[in-house]
Amino acid sequence: MPLPCPAALPPLAILLVFLASAAGLFAGPIADTARRFVEDGATAGVVFLVADDTKTLDCEAVGFADIASAKPMRNDTLFWIASMTKPMTGACIMMLVDEGKVSLDDPVSKYIPEFDAPQKIVPKKSATTVNEEGVRVADNAPRQTAPKNTLRKTPITLRHLLCHTSGLPRVDPDETPYIDTRPLAKAVPTYARLNLLFEPGTSYSYSSIGIGVLGRVVEVASGIPYETFLQKRLLDPLGMTDTTFWPTKAQLERLATSYRGNPSKKTLTAGKIGNRQYPLDDRVRRHPTPGGGLFSTAHDVARFGQLLLNKGVFNGKRLISEASINEMTRRQAATKSSGLTLSLGEGGRFGHSGAHGTNFAVWPKEKLVTVFMVQRISKWGTPDGKKLRPALEKLALKTHSAQ
């Protein structure tokens, strides 16, 4: 049922948040700014972190991880980071590039033979598509006509997959209601039967299943499961102990509830993570989704951001070559603002967002990393919700850029 915005909670709940604040769970200018949005009902709660190349400069939490139980948001609250998983998968591919096991311009059929078969090109005619949450959203795929029975002439390459220029659709329409029911070895070959939206390399259309294909390439090229490679080569060296596809029971106790906002009524309705099987800690039925399956914390995500900020080095150890980081953060052909699994912004900024509103950004000129964590399904609780992250980022840059 719809819940009132935090400002409308009973006095006892407000008292609990006050006590949490007094205990030091959140304090400072970032929390002061965020609290106004929480009190207005834009979101249940938020965690915002600022780091430089070696350390956390600030991490503040405000509001609720769960409104109904008045559980306060904490710096170690766990979030579904969704598509922020993509650049971590991209980092795995670049490690294999560094080792000479794959090349960015290799055809994907070299690793997954099913992609050697002909694929039809059927351009989008609709301005919307269904995203990973099963929600209809705007789609930027080209919407032009094409002759019937047009087949692709260009092989799909790893580079095409990394920068969303492969022509593959956003999701596989047959993977409903859940997208985590099959291991990559079974799921990915079936994507080769899907029609393409355009000739590979000629346009841009965001594709989560394209990143799933890359997860399978990691397995074929490395000889070990994707999730094992990710754990041993990226998560463990970075000390990302709270990042996983399968949160433990202890971690689930720290998981923030996701809320769907209704701006006109100023309500927040609790919801589940779409297209995923429950329980979330089920390692038998649930399989990794390289395009959007990870759970994490602000501190863990910041470590990945520091790796990118430091051109592939973390705590003095090189994990990815500088050349590979430079390629990840370079605008790719046929895109307006896409690197390799990274979104590129003004002033050299780059990063990625997640379906429920999470985001991390690397600011090379300012030598900062910012991490923004909320759990918002589609809409904010108020029209001003979209101003929250920019306000916190602006404050972070103003406060910490000169340090």
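The values are calculated or read from the model by the stated rules, or taken from the named source; none is laboratory data. Just so you know, these numbers come straight off a predicted model, no measurement behind them. Every residue, glycine as well, gets a Cβ built from its backbone with ideal geometry; the counts of neighbours run over all protein chains shown.
Descriptive notes on the structure:
- Given (1) more than 30 Å from Lys365 (Cβ to Cβ); (2) in contact with a Ser or Thr (Cβ under 7 Å, 6 or more places away or on another chain); (3) at pLDDT 95 or above, number of the condition Thr244 does not satisfy: (2)
- Helices (runs of 4 or more DSSP H) (entirely within the range 167-231) containing at least 3 residues that are under 18 Å from the mean Cα position of the chain (by Cα): 208-222, 226-230
- Within the range 147-168, the set of residues being crowded, with 24+ Cβ neighbours inside 10 Å and among the β-branched types (Val, Ile, Thr) comprises Ile156, Thr165.
- Residues that are free of Cβ contacts under 8 Å to residues at least 24 places away in the same chain and among the small types (Gly, Ala, Ser) were ranked within the range 224-276; the one that is farthest from Cys92 (Cα to Cα) is Ser264.
- The range 365-383: number of residues that are within 19 Å of Met73 (Cβ to Cβ) and of a type outside the set (Gly, Ala, Ser): 10
- Options Ser378, Ser353, Ser343: the member that is over 23 Å from Lys232 (Cα atoms) and free of Cβ contacts under 8 Å to residues at least 12 places away in the same chain: Ser343
- Counting only residues that are in contact with a strand residue (DSSP E or B) (Cβ under 8 Å, 6 or more places away or on another chain) and not in a strand (DSSP E or B), the range 63-101 holds 13 of them.
- Take the conditions (1) without any contact (Cβ under 8 Å) to a residue 24 or more places away in the chain; (2) in contact with a Leu (Cβ under 6 Å, 6 or more places away or on another chain); Gly210 misses just one of them, which is (1).
- Lone qualifier among Gly271, Gly239, Gly261 - being surrounded by fewer than 21 Cβ atoms within 10 Å (Cβ to Cβ) and either in contact with a Leu (Cβ under 6 Å, 6 or more places away or on another chain) or over 19 Å from Ala44 (Cβ atoms) (or both): Gly239
- Filter pass, Leu235 being farther than 21 Å from Ser69 by Cα and under 19 Å from the mean Cα position of the chain (by Cα): yes
- Long-range neighbours under 7 Å by Cβ, at least six apart or interchain, first residue of a type in the set (Ser, Thr, Tyr) and surrounded by 17 or more Cβ atoms within 10 Å (Cβ to Cβ) within the range 102-121, second assigned to a helix (DSSP H, G or I) and modelled with pLDDT of 95 or more: Tyr111/Val217; Tyr111/Val220; Tyr111/Ala221
- Within the range 324-348, the only residue that satisfies the criterion of being out of contact with any strand residue (DSSP E or B) (no Cβ under 8 Å at 6 or more places or on another chain), in a loop (DSSP other than H, G, I, E, B) and of a type in the set (Val, Ile, Thr) is Thr335.
- Leu57 vs. criteria modelled with pLDDT of 95 or more, surrounded by fewer than 24 Cβ atoms within 10 Å (Cβ to Cβ) and not assigned by TED's automatic domain parsing to the domain that holds Ile273: no
- When Arg260 is tested against the conditions (1) touching a strand residue (DSSP E or B) at 6+ places or on another chain (Cβ under 9 Å); (2) outside the structural domain of Lys55 (by TED's automatic domain parsing), the lone failure is (2).
- Number of positions in the range 85-138 that are farther than 27 Å from Lys232 by Cβ, at pLDDT below 95 and touching a helix residue (DSSP H, G or I) at 6+ places or on another chain (Cβ under 9 Å): 1
- Of the residues examined, Thr358 is not one that is under 26 Å from Thr157 (Cβ atoms) and at pLDDT 95 or above.
- Against the list (1) among the hydroxyl-bearing types (Ser, Thr, Tyr); (2) crowded, with 18+ Cβ neighbours inside 10 Å; (3) modelled with pLDDT under 95, the condition Thr176 fails is (2).
- The range 349-403, subset touching a strand residue (DSSP E or B) at 6+ places or on another chain (Cβ under 6 Å) and among the basic types (Lys, Arg), residue surrounded by the fewest Cβ atoms within 10 Å (Cβ to Cβ): Lys379
- Conditions (1) in contact (Cβ under 8 Å) with a residue 60 or more places away in the chain; (2) in the same structural domain as Cys163 (by TED's automatic domain parsing); (3) under 15 Å from Ala91 (Cα atoms): number failed by Asn310: (2)
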